[in-house]
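Quick notes on the structure that follows.
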Amino acid sequence: MKKNITSRHYKGDLFKILCGISTIIALIVLALLLWDVWNDGHSWINLGFITNFPSRFPERAGIKSAIWGTIWLMILVTLISFPLGIGAAIHLQEYARKTRLTNIIEINISNLAGVPSIVYGILGLALFVRTLQLDRSILSGALTMSLLILPIIIISSQEAIRAIPTSIREASYALGATKWQTIRNHVLPYALPGILTGNILAISRAIGETAPLIMIGALTFIAFTPISLNDPFTAMPIQIFNWISRPQEEFHFIAAAGIIVLLVFLLTMNAAAILIRNKYQKYQKW
Amino acid sequence: MGTTAKSFSHKYNWIKEIIIEKLFLLCALLSILTTFGIILILLTETIGFFQEVSLIKFLIGTRWSPLLVPKSFGILPLINGTLIITVGAAVVALPLGLASAIYLSEYSSPNVRKIIKPILEILAGIPTVVYGYFALMFITPIIQDLFPNANIFNAASASIVVGIMILPMVASLCEDAMRGVPQSLREGAYALGSTPLEVCTKVVVPASLSGVLASFILAISRAIGETMAVTIAAGMTPKITLNPLESVQTMTAYIVQVSLGDTPHGTIEYQSIFAVGMTLFTMTLLMNIGSQMLRQKYREVYQ
């Protein structure tokens, strides 16, 4: 009997160790990935790499047009998707009654969040590039990316709004405020940190996406920075993909250098999101 | 006079409230419009495609060669490519993800969790093109060292990175499901003399099973739709094979391949990406709906 208990605990310890190792594997992989990219790419990063346009000569190739394309995309996607996403979240959390339509909208949004990004690319190609004749412009890219991240923005904004206690709203109504006044002056300000965190993460998803932009045809040689919405463009992930798919080995190192720049962008945004979350979580205790 | 102005402003406010409410409704309806847009566009071009290629040949044909004459559009090689990578990714991600979730939810201290969860979030936030690079430059050489006959583009390498990519999702969704299991169930099992392992495998995992399965399905559907890593690492060779060391082509990689070339609008190649896209969309949609139904079931039990 005693032996039985010992062996049960022995098995339990073994299992615990196995689970711990599984968890550590994820950390090791992340470390390996970052180390590999850094190792391959860091010696190629210099001022010229940031300020040069792409080139077929490795030593002259730079990421300038891709960085500008990504910045354009970030701004446009933010302008398009924030108001629409937050609006939809406000409708679902504050206005919508539990009707059939509301239910359909909610199920539909979580399904859209699971649609592969390349399908959004197909949508963008057929709708924005062909039907609306926006061509392979930065506007087509931004619209496609906005549709792609809208479900994520809606879901995270809904969560942030849901966390605001009903008593805040009731207090505002009791003082005679209308529904919109309550939302604008009380619900949104309190929910803003949560909304911002989710939205920044969604935007960082958008700037890392490659497939939809390839679909709408952004994979071309671009040696200028876009100055209007109708200009063709490139973006960092596409430029990286372009470099990876070239046969010469030097371009693979340049791709790694491009990845470092892209990851710095993404990590900065993630850090900003985490900072906002931590800063406001301290004060908000309902 | 004052009263008129006041009632005017009241009326103005009332109209404004209604307009704002409708504007928000429109924002929400946009999501329905997006779904309709996707389905409509996929259907229109797919119907055009099936006027030239028979549906039966598309579904059971074993040769996919859209660019070489004689053209042949049998989707099975692409499905084979997609599935071999999905299965490989599942083999990597599901056990590791489940074990990590068990560790985070049942064993680790809050401090350890505070460190590991953000790292998983970072892993989930790394762009897929970066995973593609990692597969081609880091994992493929290792595989070629171990198996000298492995192709430079191979399904194994792509499977491993896709597995790593979906691992954080499995871990975090499974952990959520396990934390949803009421503490009283665990305490009951301990009171009956169970060891932590038995509490875990006989109480927590079974109690959270629908949530765990839902996360598995969602992760597999993500793996099916994954594009850049498989395009970079698995190659562009549509073929029916079970050998993970060979180069294959997935549905997503085919769509990328066509859009990289300059395929004119209205040709059969152009339409074929919509037919493949439709197949991909249908597969992932069915899995997502299945996952949602499972999660719904799990919500009903503990709330």
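We did not get these values from a lab; they are worked out from the coordinates using the rules stated. Here the structure is a predicted model, which is why all the values come from computation and not from measurement. Cβ: placed from backbone, ideal geometry, glycine included. Neighbour counts: every protein chain shown.
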Using alpha carbon centers only, region B:216-277 is separated from region B:144-205 by a whole-angstrom value of 28 Å
Amide H contacts under 5 Å for B:SER72, restricted to residues at least 5 apart in sequence or on another chain and with H modeled in the peptide plane, are B:SER65
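If you take all C-alpha pairs in the protein assembly as shown, what percent of them are over 48 Å apart? Intermediate results must be reported in sequence, preceding the final value.
Values: 26442 of 173166 pairs.
Taking all Cα-Cα pairs of the protein assembly as shown, the fraction more than 48 Å apart is 15 percent.
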The rounded separation in angstrom of the Cα centers of region A:39-102 and region A:119-133 is 19 Å
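List the chymotrypsin sites (Phe, Trp or Tyr not before Pro) within region A:114-221 that fall in a DSSP loop (any state other than H, G, I, E or B) and whose Cβ has at most 13 other Cβ atoms within 10 Å. List each step's numbers first, then the result.
Working: sites: A:TYR120, A:PHE128, A:TYR173, A:TRP180, A:TYR190, A:PHE221; in loops: A:PHE221.
Answer in residue order: A:PHE221.
Assign unit charges at the C-beta atoms only (+1 for Lys and Arg, -1 for Asp and Glu), then state the dipole size of the protein assembly as shown relative to its Cα centre in Debye, rounded to the nearest 20. Could the numbers behind the result be given before it?
Details: 41 positive and 29 negative charges, 369 e Å.
Computed about the Cα centre, the dipole is about 1780 debye.
May I ask you to list, by number, the DSSP H helices of chain B whose Cα span along the axis is at least 20 Å and whose average Kyte-Doolittle hydropathy reaches 1.0 or more?
B:2-50, B:76-102, B:155-179, B:209-225
When the expected Rg is taken as 2.2 N^0.38 Å, what fraction or multiple of it is the alpha-carbon Rg of region B:64-302?
That ratio works out to 1.17.
So which DSSP H runs in chain A come out at 27 Å plus along the axis (Cα) with average Kyte-Doolittle of at least -0.5?
On the way: long enough: A:2-41 (58 Å, 0.57); A:64-90 (38 Å, 1.67); A:138-162 (34 Å, 1.54); A:188-208 (29 Å, 1.11); A:249-283 (52 Å, 0.98).
Counting only whole DSSP H runs, the qualifying helices are A:2-41, A:64-90, A:138-162, A:188-208, A:249-283.
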Charge tally for neighbours of B:GLY266 with beta carbon under 12 Å away, counting Lys, Arg as +1 and Asp, Glu as -1, is -2
Residues meeting the amide H criterion for B:ILE126 (H placed from the backbone, H to H distance under 5 Å, 5 or more places apart or on another chain) are none
Using alpha carbon centers only, region A:233-281 is separated from region A:155-197 by a whole-angstrom value of 35 Å
